[in-house]
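The values are calculated or read from the model by the stated rules, or taken from the named source; none is laboratory data. Everything quoted here is computed from the prediction, not taken from an experiment. Neighbour counts run over all protein chains shown; Cβ positions are idealised from the backbone, glycine included. Accessible surface is based on the protein model in full, side chains and every heavy atom, while ligands, DNA and RNA are left aside. Shrake-Rupley method; radii C 1.70, N 1.55, O 1.52, S 1.80 Å.
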Amino acid sequence: MTELCRLEQLDATGSLGLTVDLGRGPEEIFVVRRQDIVRAYRNSCPHTGGPLEWQDDAFLDEEGEHIVCATHGALFRIDDGYCLAGPCRRQSLSAVPVRLEGEKVVLA
């Protein structure tokens, strides 16, 4: 079991950037939480391949409803990483499987 973070670490911004080994060496990912939904994605925009956050651990729009790419403003659903608006519309973020174990977010 690889623990990524505790739920309380997501309270301040709703998201947290991390570097983890997913089997091919270190990769940049982020964990995002909205209410009781917790998901993780690779920190790579499908349009540019660049990172999504505009500052450390800032992956969500002001309302905390969508993941937003800082480079061009693409909006992604938290639930499944699907792009709703922007140049990568109808593409999706690359999901990282996670699950909750009590108050811990772990790799699935």
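Couple of notes before you dig in:
- Loop GluC sites (Glu not before Pro), the stretch 55-108 (other Cβ atoms within 10 Å of the site Cβ: 14 or fewer; DSSP): GLU62, GLU63, GLU65, GLU103
- Length gained on full extension, MET1 to GLU27, computed as 0.36 nm times the residue gap minus the Cα-Cα distance: 7.6 nm.
- Surface composition of the chain: carbon and sulfur make up 45 percent of the accessible area, probe 1.4 Å.
- FRET efficiency, 1/(1 + (r/R0)^6) with R0 35 Å, evaluated for GLN55 and VAL106 via beta carbons: 0.85
- Computed from phi, the 3J(HN,Hα) profile of the stretch 100-105 under the Karplus parametrisation 6.51, -1.76, 1.60 (θ = phi - 60°) reads 9, 10, x, 9, 10, 9 Hz, with x in place of Gly and Pro.
- Only Lys, Arg, Asp and Glu carry charge here, each on its Cβ (+1 for the first two, -1 for the last two); on that basis the stretch 10-86 has a dipole of about 300 debye about its Cα centre.
- Surface per residue (accessible, 1.4 Å probe) for the stretch 42-106, Å²: 54 Å²
- Measuring nothing but how far apart in sequence close Cα pairs (under 8 Å, 6+ apart) lie, relative to its length, the stretch 42-108 scores a relative contact order of 22 percent.
- The share of C-alpha pairs in the chain whose separation exceeds 19 Å stands at 37 percent.
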